[in-house]
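Worksheet: the structure to be examined is printed underneath.
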Ligand SMILES: *Cc1c(COP(=O)(O)O)cnc(C)c1O
């Protein structure tokens, strides 16, 4: 029943977000949220912002938030663009920088929104097979492309590449925009932000959703040459000028200013990841080297779907994909130490 639907929507194959349960208390390790609360300063800023000023539209240019991000990263404010989550920033970027004449390229296993945007915006892509160890096929992403999209670290593998590899991609694709999606960069990888002044074709995308524990606020940002930032503005102002609301702007600004809290929670996630990786290995799992807040794991005998369902029955949600290339794998978000203890106990019972 798709009567009245536009042709574009009839043909769309949308992204499938991870489950957000509403009923029973479950241990949620399926959508890479932070297990710790946001900075108390962010929560206070949101409370303070909940006043009569909400009758007014927010600042469409997000000046205060861009200023804080620019200062922290050593950029100019005109090199920063903010919007309603990095998914929206990415959607704007696909429209701002890519044309259907030339294929854009990204690895065969990566964030599943990239192929969705490609189709939805009428673009064409080439999905380059991964190396056998699930590392990114960098050589094959180089040269003669209409654009490159690289999640670094990659999702759902968790594997990061070094900056010299990002630089190689930038040099090999001088006439195309290279989008580096750094949603997980704060959990151990090197950011490409420092390359922005040397590469006019580099767009770095980050988010407050993971390392700043603000997935519910919906704030993401892009950093790059002023020319690229202008193009993103052009897309935004052709759709919706006010993509970041007043409360989100206040909360995200305070969260980014609270460097100490940020360092504490990201370090906690990293130290939990280290022991959890070891525990998985002791139980017979292969674990890819992760620089993120999740682990991508495969058991020697048990299939991914079987474990997914077994864990669900015990009140633990993890993420699984039916794609034949990764159907034996599970992506497990790093929770608190207690949550991970519960996961390990549940696995002991299942295995
Ligand atoms: C979580 C995630 C995003 C989306 O983040 P939002 O800012 O919450 O929209 C983007 N890219 C990757 C690779 C992610 O895992």
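The values are calculated or read from the model by the stated rules, or taken from the named source; none is laboratory data. Everything quoted here is computed from the prediction, not taken from an experiment. No Cβ is skipped: glycine too gets one built from the backbone with ideal geometry, and neighbour counts run over all protein chains shown.
Of note:
- Per the conditions (1) without any contact (Cβ under 8 Å) to a residue 40 or more places away in the chain; (2) surrounded by 18 or more Cβ atoms within 10 Å (Cβ to Cβ); (3) out of contact with any strand residue (DSSP E or B) (no Cβ under 8 Å at 6 or more places or on another chain), the sole criterion not satisfied by residue 330 is (3).
- Note on the stretch 226-330: enclosed helices (runs of 4 or more DSSP H) holding 1 or more residues that are under 30 Å from residue 52 (Cβ atoms) and touching a helix residue (DSSP H, G or I) at 6+ places or on another chain (Cβ under 8 Å) are 226-236, 246-257, 259-282.
Quick grid of which residues meet (1) out of contact with any helix residue (DSSP H, G or I) (no Cβ under 9 Å at 6 or more places or on another chain); (2) farther than 24 Å from residue 295 by Cβ:
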| residue | (1), (2) |
| --- | --- |
| 106 | no, no |
| 112 | yes, no |
| 133 | yes, no |
| 142 | no, yes |
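Conditions (1) assigned to a loop (DSSP other than H, G, I, E, B); (2) within 30 Å of residue 308 (Cβ to Cβ); (3) modelled with pLDDT of 95 or more; (4) under 19 Å from the mean Cα position of the chain (by Cα), marked per residue:
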site: 12; (1), (2), (3), (4): yes, yes, no, no
site: 15; (1), (2), (3), (4): yes, yes, no, yes
site: 25; (1), (2), (3), (4): yes, yes, no, no
site: 100; (1), (2), (3), (4): yes, no, yes, no
site: 117; (1), (2), (3), (4): no, yes, yes, yes
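- Each residue in the stretch 192-235 was checked for being within 16 Å of the ligand (Cβ to nearest atom) and more than 17 Å from residue 81 (Cα to Cα), and 7 of them qualify.
- Against the criterion of being in contact (Cβ under 8 Å) with a residue 40 or more places away in the chain and either within 30 Å of residue 173 (Cα to Cα) or surrounded by 15 or more Cβ atoms within 10 Å (Cβ to Cβ) (or both), residue 41 qualifies.
- Taking each residue of the stretch 302-313 that is in contact (Cβ under 8 Å) with a residue 40 or more places away in the chain and looking for partners that are assigned to a helix (DSSP H, G or I) and surrounded by 16 or more Cβ atoms within 10 Å (Cβ to Cβ) with beta-carbon atoms closer than 9 Å, six or more apart or interchain, yields 302/310; 302/350; 307/347; 307/350; 310/346; 310/347; 310/350.
- Residues of the stretch 259-278 classified as farther than 14 Å from residue 335 by Cα and surrounded by 17 or more Cβ atoms within 10 Å (Cβ to Cβ), total: 2
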